[in-house]
Amino acid sequence: QVQLVESGGGLVQAGESLRLSCTASGNIVSVNAMGWYRQLPGKQRELVALAITGGSPNYADSVKGRFTISRDNAKNTVELQMNGLKPEDTAVYYCNAHLTPVSPFGRVSSIYWGQGTQVTVSS
């Protein structure tokens, strides 16, 4: 059973920094991508940053230059360093992974989500 466990959310003031971490655990064959999404109440979940294995990271325009995504492929972890936080960054942040778990049915990749961590930025 694959699980994504997040940590690092909290309450900060505008201009401050936070670092989110996520670890994928379980019997995993390979990881194609790991990233972060966020969701405000009543809004659709939106991509924040995505790190594709063997590729360059992708960022939402609203976070470019402020957020940095990094992965440790050996540990199946992804982190999001968030600098210069703004009140509009306030949301629940979700870790996301596109990976292939060990399965008796063969190599079938799936999308997995963490439980979400609240980030609140006060003005």
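The values are calculated or read from the model by the stated rules, or taken from the named source; none is laboratory data. Predicted model only: the values in this text are computed from it and were never measured. Neighbour counts are summed over all protein chains in view; Cβ atoms, including those assigned to glycine, are modelled from backbone coordinates with ideal geometry. In case anyone asks, the SASA skips ligands and DNA or RNA and just uses the protein heavy atoms, side chains included. Shrake-Rupley method; radii C 1.70, N 1.55, O 1.52, S 1.80 Å.
Looking only at segment 1-27, which residues are open to solvent by less than 60 Å² (accessible area, probe 1.4 Å), assigned to a strand (DSSP E or B) and of a type outside the set (Ser, Thr, Tyr)? Once the filter is applied, which keeps residues that are open to solvent by less than 60 Å² (accessible area, probe 1.4 Å), assigned to a strand (DSSP E or B) and of a type outside the set (Ser, Thr, Tyr), segment 1-27 yields LEU4, GLU6, GLY10, VAL12, LEU18, LEU20, CYS22, ALA24.
Does segment 109-120 include one or more residues that are part of a helix (DSSP H, G or I) and either of a type in the set (S, T, N, Q) or open to solvent by less than 60 Å² (accessible area, probe 1.4 Å) (or both)? So far as segment 109-120 goes, no, none of its residues is part of a helix (DSSP H, G or I) and either of a type in the set (S, T, N, Q) or open to solvent by less than 60 Å² (accessible area, probe 1.4 Å) (or both). For segment 66-74, the criterion of being surrounded by fewer than 15 Cβ atoms within 10 Å (Cβ to Cβ) and more than 22 Å from ILE28 (Cα to Cα) is met by none of the residues.
Hey, GLN81 hits all of (1) in a loop (DSSP other than H, G, I, E, B); (2) open to solvent by 40 Å² or more (accessible area, probe 1.4 Å) but one; which does it fall short on? GLN81 satisfies all of (1) in a loop (DSSP other than H, G, I, E, B); (2) open to solvent by 40 Å² or more (accessible area, probe 1.4 Å) except (1).
Scanning segment 42-61 for residues that are exposed (fewer than 14 other Cβ atoms within 10 Å of the Cβ) and within 20 Å of ALA14 (Cα to Cα) yields a single hit, ASP61. Residues in segment 62-90 that are in contact with a strand residue (DSSP E or B) (Cβ under 8 Å, 6 or more places away or on another chain) and of a type in the set (Lys, Arg) were compared, and the one that is farthest from GLY15 (Cα to Cα) is LYS75. Remark: pairs (first residue in segment 92-109, closer than 14 Å to GLN1 by Cα; second residue of a type in the set (Lys, Arg); Cβ separation under 7 Å; 6+ apart in sequence or on different chains) = THR100/ARG107.
Number of residues in segment 91-108 that are among the polar types (S, T, N, Q) and over 19 Å from TRP36 (Cβ atoms): the value is 2.
Can you give me the number of residues within segment 103-120 that are of a type outside the set (S, T, N, Q) and touching a strand residue (DSSP E or B) at 6+ places or on another chain (Cβ under 6 Å)? Working first, answer last.
Of segment 103-120, the ones of a type outside the set (S, T, N, Q) are 104-108, 111-114, 116, 119.
Then keep just the ones that are touching a strand residue (DSSP E or B) at 6+ places or on another chain (Cβ under 6 Å); that gives 107, 111-114, 116, 119.
Residues flagged as of a type outside the set (S, T, N, Q) and touching a strand residue (DSSP E or B) at 6+ places or on another chain (Cβ under 6 Å) within segment 103-120 amount to 7.
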